[in-house]
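The values are calculated or read from the model by the stated rules, or taken from the named source; none is laboratory data. Quick caveat, the model's predicted, so the values are computed rather than measured. All Cβ positions, even for glycine, are placed from backbone atoms using ideal geometry, and neighbour counts span all protein chains on display. We work out accessible area using only protein heavy atoms, side chains counted, and drop any ligands, DNA or RNA first. Shrake-Rupley method; radii C 1.70, N 1.55, O 1.52, S 1.80 Å.
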Amino acid sequence: MNVNGASVPALSLQRVRKVYAMGDSEVVALDDVDLEVAPGEIVALVGPSGSGKTTLCSIAGAILSPTSGRVVVAGTDISGFNPKQLTAVRRDLVGFVFQSVNLVPFLTARENLLVVDEIGKRTGAPARARADQLLGELGLADRAKNLPAQLSGGQRQRVAIGRALMNDPKLVLFDEPTSALDSKLGMAVMELIQQEMKARGTAAIVVTHDERITRFCDRSVHMDDGRITKS
Amino acid sequence: MFLALKELQRAKVRFGLLIAAVALLVFLILFQQSLQNGLLTSFVGAIRNQSAEVLVYRTDGRRILQGSVISPDLEAMVRSSGAAAEVARIGQGTFTVTPGEGGDGVPIETSILGYEDPGLGAPTTLVEGRLPEGPGEAVASDADAELGFGVGDTVTVLPGGLDITVVGLARDVQLNVTPTLFVTYDTYVQSVRSRNPDAGEPLPNVLALRAPPDVPADRLVDQVNGLSDELDTLTRADAADKAPGVAQVRQSFQVIFLLYGFVVPLVTGLFFLIITFQKASALTLLRAIGAPARTLLTSLLVQVVVVLGGGLLLGIGLYAALVRGRIGGIPLRFETTAVLVWTALLVAGGLLSSLFSARRVMALDPYAATTGAGVGS
Ligand SMILES: Nc1ncnc2c1ncn2[C@@H]1O[C@H](COP(=O)(O)OP(=O)(O)O)[C@@H](O)[C@H]1O
Ligand SMILES: [Mg+2]
C-alpha cells in the first residue's frame, strides 16, 4: 500500500468501463468514466435509475472489477487485483453503506461495528473504544445492545454509517443512504454523514437522485447512461 | 469464533433443538448397539464363553447344538484320526425346570449343557462360586440368578424330579435366551434319563476338541472337516457367529445402523444448509465489507463442531446413564468400542455433510450486497 500524503486522491477512476454480459446482448453500465475524488471531499453522484451509479460505487469500493480502465483507491492501484486482494481493500481502505441490507441481524448495533474489527485486524480494546465513540457520535449510545430488528429505519442507517467508519477508511461509498427514509429523517442522516466525514477528513461519494441532498456535498457529479455528463 | 458464537447465543433454541435431536439419535444408535450385542450374547453366549476352542457338529444339525447328534461311528472316526490332542463330549437339551427359592416357583424352560472335561466345555466367565464337581451340581447363567438360579438354589428337572444345586454363576452364558445350567456330563445324562427313563444312553450333541500344542485351531478344523462330509467342525468364535439367527440379527441391526448413519449427517447437513440460505444476505454483506470467505467457513465449522460435539456428549451421557441392567432378560452394557467408532463416524459424516453449506458460502458474490430491495436490517 502506498503512503497516503494529503495530495493523493481518495479515488481516481481513469477510463473505467464496465460491461455486463446479458445472454447474447451486452449492457454497458460504465462507459469510459473518469472521476477523481480529493481527500476529504464529499461528492454527490446524481443520476436516473440505471445510469450506472451503483456500478461505479462497486468498482470504487473493490466489490466489482472493471472491464477495463484504471482504479486507484487512496494511492493503491487495484485495477488488476484478484478477489483475495480486493477483499483486503474492502476490509482496510473503504467503507460502504449499501442500498438495502446493511446489518447482520443476529448482531447488536455495537457488534455490527465490532464485526469489522473481528474480520480484520482484531485489535480488541481499541476497536471497542472506537465503536463506543462512533455510537455516541451517531446518537446511538443507548441503542448499542439492540438488535437491528429493535431499531427504527433511521437508527439502522446510523448504525450502518458507524459500521462503514469502523475501519477508518480513506473513502466511504453511500449508495442512496436516504432513499428509504422520509425527507426530514433523510436530511438529518445526510447532515450526520457530512459532520462525520468532515470531522475525520474522510472522502465520500453519496449516491442520490434527490437534488436537495447535494447541498450537503462539496460538488455534484451527474451520470446518465453510464457516462458522467456534468461535474 | 465471534460470529459463530454470537449467532449461537442469539439462536439458542434453534441450535439447542438440533443438539437435542443429534443427542437423541446418538443415544438410540448406542442403545441399539448394546441391545444387539446383548441379544447375541443371550443367544450364543454359552458357546462363546465355554472353554473348548474347537467344536464338531454333525452337518445335518445345521449348527444348532440340540439338532446335532454325533453317532458312535463319527465319534470313533474323530478319535481314531488323532487330529485332536483330546476329544470330549458335550450334550445339551432343553428341559422344564422348577426354579429354586428365589424364583416364583413356575416351571421354566432351561438349557442344560453337560461337558466331560472342564477344559473342553466348562464356562470360562465364572463370577461367583465354583464349577460343578460332582453329580447334581451346576453353574448357572448370572442373568437368571434372581429367577431362582442363584448360588445355593436347588432346581428340579421335570417330570422326573432330579434335583440340581447351583454352585456357581457365570456371566454371559445363556443359550437361546433361556436360563442355562452347565453340569458334568453324568448329571446331563441323569437329566435326560429322569425325563425319559426308557431312553438309553443319550448320544453327545457335539464333540469338543483340544488342538495339539503346535497346531492352530483353524488347521485342526480343516483336518477334522476333511474326515467326512457329515462333520461340521467350527472354531468357538465361528460356532457362535454362524449359529442360525445370529447373522440375521446382525443384518437387521446393520440396516438400522446404516439408516442412522445417514440420518445424523443428513439432519445436520440440511440444518446448516437451511440456515446458510436463510442468512445468505448477512453473509453476503460480510463478504462485501471485507470478510474473507475463510472467516465465514471457520464460523460454519465452529458451529458444526459445537452441534456434533454437544450432541455426542449429551447422547453418550444419556447412554451411559440409561444403559444398565436388562430388557426382557437381555443384558445391556456400555460399549466403549461402539462409542468410539460411532463418534468417529458421526463426526466425519457431519463434517462431510456440511461441505454443502461450505460450497454455498464459497459461492457468495459480494456484489449481491449492492443490489436488492428494502432498506434496513
Ligand atoms: N449484474 C448485472 N448484470 C447485468 N446488468 C446489470 C447488472 N448490474 C447492473 N446492470 C445494468 O447496468 C446498468 C447500471 O446499473 P446500476 O449501476 O445498478 O445503475 P444505478 O445504480 O444508477 O441504478 C443498468 O442498466 C443495469 O440494468
Ligand atoms: Mg443503484
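Checked against (1) surrounded by 21 or more Cβ atoms within 10 Å (Cβ to Cβ); (2) modelled with pLDDT under 90, B:Leu158 meets all criteria but (1). Here are B:Leu266, B:Leu258: which of them is open to solvent by 50 Å² or more (accessible area, probe 1.4 Å) and touching a residue at least 12 places away in the same chain (Cβ under 8 Å)? None of the others qualify; the one that does is B:Leu266. Candidates in the range B:20-58 are the residues that are in a helix (DSSP H, G or I) and of a type in the set (Val, Ile, Thr); of these, the one that is farthest from B:Met77 (Cα to Cα) is B:Val22. The lone criterion from (1) within 27 Å of B:Ala291 (Cα to Cα); (2) out of contact with any Ser or Thr (no Cβ under 8 Å at 6 or more places or on another chain); (3) away from ligand 1 (no atom under 15 Å from the Cβ) left unmet by A:Asp34 is number (1).
Pairs are defined by a Cβ separation below 7 Å, a sequence spacing of at least 6 or placement on different chains, a first member in the range A:42-67 that is closer than 12 Å to A:Leu13 by Cβ, and a second member that is within 9 Å of ligand 2 (Cβ to nearest atom) and assigned to a strand (DSSP E or B); the pairs so defined are A:Leu45/A:Val207; A:Cys57/A:Asp175; A:Cys57/A:Val207. If you check A:Ser152, A:Ser179, A:Ser220, A:Ser183 for being within 18 Å of A:Pro9 (Cβ to Cβ) and among the hydroxyl-bearing types (Ser, Thr, Tyr), only one passes: A:Ser220. If you go through the range A:88-107 and keep only what is farther than 14 Å from A:Val159 by Cβ and within 14 Å of ligand 2 (Cβ to nearest atom), you end up with A:Gln99, A:Ser100. Being open to solvent by less than 10 Å² (accessible area, probe 1.4 Å), near ligand 1 (Cβ under 10 Å from one of its atoms) and either within 26 Å of B:Leu285 (Cβ to Cβ) or not β-branched (Val, Ile, Thr) (or both) holds for only one residue in A:Leu11, A:Leu56, and it is A:Leu56. Checked against (1) over 15 Å from A:Leu134 (Cα atoms); (2) open to solvent by 50 Å² or more (accessible area, probe 1.4 Å); (3) away from every other protein chain (no Cβ under 14 Å), A:Gln194 passes all but condition (1). Evaluation of A:Ala180 against the conditions (1) touching a residue at least 40 places away in the same chain (Cβ under 8 Å); (2) aliphatic (A, V, I, L, M); (3) within 16 Å of ligand 2 (Cβ to nearest atom) shows that the sole unmet condition is (1).
Selection over the range B:63-107 of residues that are open to solvent by 60 Å² or more (accessible area, probe 1.4 Å) and either on the phi > 0 side of the Ramachandran plot or modelled with pLDDT of 95 or more (or both) gives a count of 1. The conditions of being more than 16 Å from ligand 2 (Cβ to nearest atom) and either away from every other protein chain (no Cβ under 11 Å) or surrounded by fewer than 23 Cβ atoms within 10 Å (Cβ to Cβ) (or both) are met by A:Gly69.
Yes/no per residue for (1) outside any strand (DSSP E or B); (2) within 14 Å of another protein chain (Cβ to nearest Cβ); (3) open to solvent by 20 Å² or more (accessible area, probe 1.4 Å); (4) in contact (Cβ under 8 Å) with a residue 12 or more places away in the chain:
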| residue | (1), (2), (3), (4) |
| --- | --- |
| B:Leu297 | yes, yes, yes, yes |
| B:Leu301 | yes, no, yes, yes |
| B:Val306 | yes, no, yes, yes |
| B:Leu312 | yes, no, no, yes |
| B:Arg324 | yes, no, yes, no |
| B:Leu340 | yes, no, yes, no |
| B:Leu346 | yes, no, no, yes |
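Selection of strands (runs of 3 or more DSSP E) fully inside the range A:137-231 by the criterion of at least 1 residues being in contact with a Leu (Cβ under 6 Å, 6 or more places away or on another chain) returns A:171-175, A:203-208, A:219-224.
Suppose the filter is touching a residue at least 12 places away in the same chain (Cβ under 8 Å), assigned to a helix (DSSP H, G or I), open to solvent by 40 Å² or more (accessible area, probe 1.4 Å) and more than 11 Å from chain B (Cβ to nearest Cβ); does A:Asp132 pass it? The answer is yes for A:Asp132. Taking the listed residues A:Ser179, A:Ser79, A:Ser100, the one that is under 19 Å from the mean Cα position of the chain (by Cα), open to solvent by 60 Å² or more (accessible area, probe 1.4 Å) and of a type outside the set (Val, Ile, Thr) is A:Ser179, with no other qualifying. When the criteria are applied in full, B:Thr110 fails the requirement of being surrounded by fewer than 23 Cβ atoms within 10 Å (Cβ to Cβ) and assigned by TED's automatic domain parsing to the domain that holds B:Tyr57.
Within the range B:106-127, the residues that satisfy the criterion of being in contact (Cβ under 8 Å) with a residue 12 or more places away in the chain and more than 14 Å from B:Val139 (Cα to Cα) are B:Pro107, B:Ile108, B:Glu109, B:Glu116, B:Asp117, B:Gly119, B:Leu120. Just to verify a result, which residue in the range A:103-129, among those that are farther than 22 Å from B:Ala363 by Cα, among the small types (Gly, Ala, Ser) and open to solvent by 10 Å² or more (accessible area, probe 1.4 Å), is farthest from the other protein chains (Cβ to nearest Cβ)? Selected residue: A:Ala129. The number of residues in the range A:72-94 being at the interface with another protein chain (Cβ under 8 Å from one of its Cβ atoms) and not aliphatic (A, V, I, L, M) comes to 5. Inspect all residues belonging to the range B:107-117 and state whether any of them is part of a strand (DSSP E or B), among the aliphatic types (A, V, I, L, M) and farther than 17 Å from B:Thr184 by Cα. Yes, the conditions are met somewhere in the range B:107-117. Being out of contact with any strand residue (DSSP E or B) (no Cβ under 6 Å at 6 or more places or on another chain), in the same structural domain as B:Leu120 (by TED's automatic domain parsing) and touching a residue at least 12 places away in the same chain (Cβ under 8 Å) is true of B:Pro159.
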